[in-house]
1. To the nearest 10 degrees, how steep is helix 227-256 against the longest Cα principal axis of the chain, on a 0 to 90 scale?
2. Note the angle between two axes, namely the Cα long axis of helix 95-104 and the longest principal axis of the Cα atoms of the chain, as a number of degrees from 0 to 90, rounded to the nearest 10.
3. Could you work out the helix-only [θ] at 222 nm for the chain, with each DSSP H run of four or more residues adding -39,500 (n - 2.57) and the total divided by the number of residues, to the nearest 500 deg cm²/dmol?
4. So which residue, out of Pro31, Pro11, Pro227, gets the largest mean-square fluctuation from a GNM of the chain using Cα contacts under 10 Å as springs?
5. Go ahead and set up a Gaussian network model of the chain, Cα springs under 10 Å, then flag whichever of Arg249, Arg138, Arg168 fluctuates most.
6. State in Å² the accessible area per residue of region 256-300; use a 1.4 Å probe, count heavy atoms of protein chains only, and round to the nearest integer.
7. Could you tell me whether region 29-123 comes out rounded, prolate or oblate from its Cα gyration tensor? Rule is a ≥ b ≥ c as square roots of the eigenvalues, rounded for a/c under 1.5, then prolate if a/b exceeds b/c, otherwise oblate.
8. Across the chain, how many lysine pairs, 8 or more positions apart or on different chains, have C-alpha atoms separated by under 30 Å? Please give the number.
Amino acid sequence: MGRERVAVLLPAYDEEGAIAKVVGDFRAALPDAAIYVYDNNSRDGTIEAARAAGAIVRTEPQQGKGHVVRRMFADIDADIFILCDADDTYEAAAAPAMAARLQNENLDLITGVRISDQKEAYRPGHRFGNRMLTGMVRMIFGDRAKDMLSGYRVMSRRFVKSFPALSRGFEIETELTVHALELQLPMADHDTAYSERAEGTESKLSTFRDGARIGAKILTLVKDERPLPFFSLVALGLVLLALVIATPRLIEFLNTGLFPFVGTAVLATGLVMVGVISLATGLILSTVTQGRREMKRLAYLRHAAPGDDQ
């Protein structure tokens, strides 16, 4: 399988009503690009519609967007990767400008920031959840992402081929953003129009369920990528809890000279010991994390910068 200049990657699940238009719009915007549709167990005519529109169609049987993206990144080789949802909500016409910017500025990731005045296109619950979750990531990993949950990304080859892709579902966008932030890669945002889904299609995103999964993913990434602060906070919480439990008994001992609270003493001592173990765990894992980060950086450095891919 050869290496493409530009590859458009469209993960699809039950998008019969939108996929043909999405493929056609990207074909009009990028006539020379290879357009791939990876079907994720669709129950409608998504595969047939995508083939009829001229896309290269493949399948991924493991359910979930994360599984599909992982398969795409493994299977396809290109200089520039354009990842976009297949629901006809994103602006395909913005792709050439985003790809040109990636090359001209030697960037590794451009995120399509959703701009919309249509209430039904970008529901208030989704907008609030995105702001909250993006704010958490900005606070912890770096203030360089405006729309962490956007499904529209333009990426360099060195970004894609150094990305582990461990997520299963919609958490994949969070993982993409944190990967760029942790390796301190050159990245940018690009405003793009965001519109309502095609008529007759339904959103696969559940505000509360997927929001909870994304929040859990952020917590996991904090543990994996920031183990010393994470386990230090756990240690501090345990020590403070031990103090809260033990202080009244200690005051009573100082006042009366009696200490018939052996169980309390054992519990407080145990909490402090677990806290010390937690701190030691954080110190050890911080060294492991540094080694993992160095390996990802070396994988990233094996590939040329976007502007040097000719």
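The values are calculated or read from the model by the stated rules, or taken from the named source; none is laboratory data. Since the structure is predicted, the reported quantities are computational estimates derived from the model, not experimental observations. Ideal geometry is used to build each Cβ from the backbone, glycine not excepted, and the neighbour counts take in all protein chains shown. The protein model used for the area step is the full one, side chains on, heavy atoms only, and it has no ligands, DNA or RNA in it. Shrake-Rupley method; radii C 1.70, N 1.55, O 1.52, S 1.80 Å.
1. Long axis of 227-256 versus the principal axis of the chain: about 20 degrees.
2. Taking the Cα atoms of the chain, the angle to 95-104 is about 70 degrees.
3. On the way: 10 runs with 161 residues, N = 310.
It comes out at -17000 deg cm²/dmol, rounded to the nearest 500.
4. Maximum fluctuation in the GNM of the chain, among the listed residues, is at Pro31.
5. In this elastic network of the chain, the residue with the biggest mean-square fluctuation among Arg249, Arg138, Arg168 is Arg249.
6. On the way: 2850 Å² over 45 residues.
On a per-residue basis, 63 Å².
7. Numbers: a/c = 1.64, a/b = 1.21, b/c = 1.35.
Taking the square roots of the gyration eigenvalues as a ≥ b ≥ c, region 29-123 is oblate.
8. Count of close lysine pairs: 28.
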